[in-house]
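Nothing in this text is a laboratory measurement; each read-out follows from the coordinates by a stated rule. Just so it is clear, the structure is predicted and the values come from calculations on it, not from any experiment.
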Amino acid sequence: MLRQILFLLIACSLSSFANDQSLAFFGTFTKKSGRGIYVSTFNSSTGKLSKPTLAAELSNPSFLAIDSKRKFLYAVSTNQGTQATISSFAVDKTGKLKKLSEQPTKGDNPCYVALDKTGQSLLVANYRGGNIASYPISNGKIGKGNFYQHKGSSIHPKRQTSPHPHSIYIGPNNEYVFVPDLGTDEIVIHKLDPQSSKLTLHAKFKAPAGTGPRHMAFHPNGKFAYSNLEMSREVVAMSFDSSKGALKQLQVISTLPKGAEADGSTAESLVHPSGKWLYVSNRGHNSIAVFAIDQQTGKLTFLETESTRGEIPRGFGIDPSGKYIIAGHNKSEHIIVLKIDQKTGKLSPEPQGQVLNAVVNVRFLAK
């Protein structure tokens, strides 16, 4: 009897340890020493991140997406003088990737990739090409894409003379696709046909002129959304009407503390899994801004900025436990681990990080 109890205790302990483990994948620019997509193991009970190892060689695999069944990873890739592509990989238990398929993005400088909630449609934003693409997926393999050209401009004389889709997302009900466009100061909303993966233009949300919407995050309740405004170093809070597929502005608020120099730009926006806090990375200020979210109104209260101890933080991720943020840097060879206070949402740096050059995107896969 005692032996059985001890066995159960050991089994439960091992199970708990396994549940604390996740894989952290890093999309990178490969101009210097980088060779492609890297992977580390992260332990949320200790905050320890293992040394990144190469998961797959690929030129400038900036942004990644992982399907909900945790079998496949998708990455955009671009190399100067060659055609930009979107590739799919099978993921093994160690995080190593095996290439399955590749398709052209039909647009210069692809900057974001996302999946619909069924895992049947793949979505890509092409920044310099000014267009987006949607692809059907079957068993991890990418079919031929459908391409949609954005139109328009805005007030900045250099950066907003043409469309620049900077990211792409599927909405809470898997019915609408949202595309923040820095060049037109819009979030363009398309309707998704899940059977064909085709998109139909539905509506547009107009952000303040000259602000440059970049990335976006939905609240877990599906009623609110947030987009960081790259050029003005702000974030816009919006309500979302799922019956109409419409966004409405609630608030625009700075991502910098009072008195801070307004240089640089914002990069990533993520809502905590609890829905209590919003996090936005500030490039130039080299920090992550923390906001409390009013659960009734969706409006934001600025709490703090926490330094990322590196130069030009771009993409970051919240680990599956919701206890930590892992952030890379576009110019510093440094990955930082930041602990999230579960009561306040505020951040504090862990003493241990890792070295990796030009990290652009961080994606987690729970083991």
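Data for the structure
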| quantity | calculated |
| --- | --- |
| Alpha carbon centroid spacing (whole Å) that separates the range 283-316 from the range 249-270 | 8 Å |
| Orientation-averaged projected area, Cα convex hull of the chain (nm²) | 19.4 nm² |
| Entries of 32/299; 248/346; 99/198 with Cα pairs more than 30 Å apart | 32/299 |
| Computed over the chain: relative contact order in percent, which uses C-alpha pairs under 8 Å that are six or more apart | 12 percent |
| For the range 138-230, alpha-carbon Rg and Dmax in angstrom | 14.1, 45 |
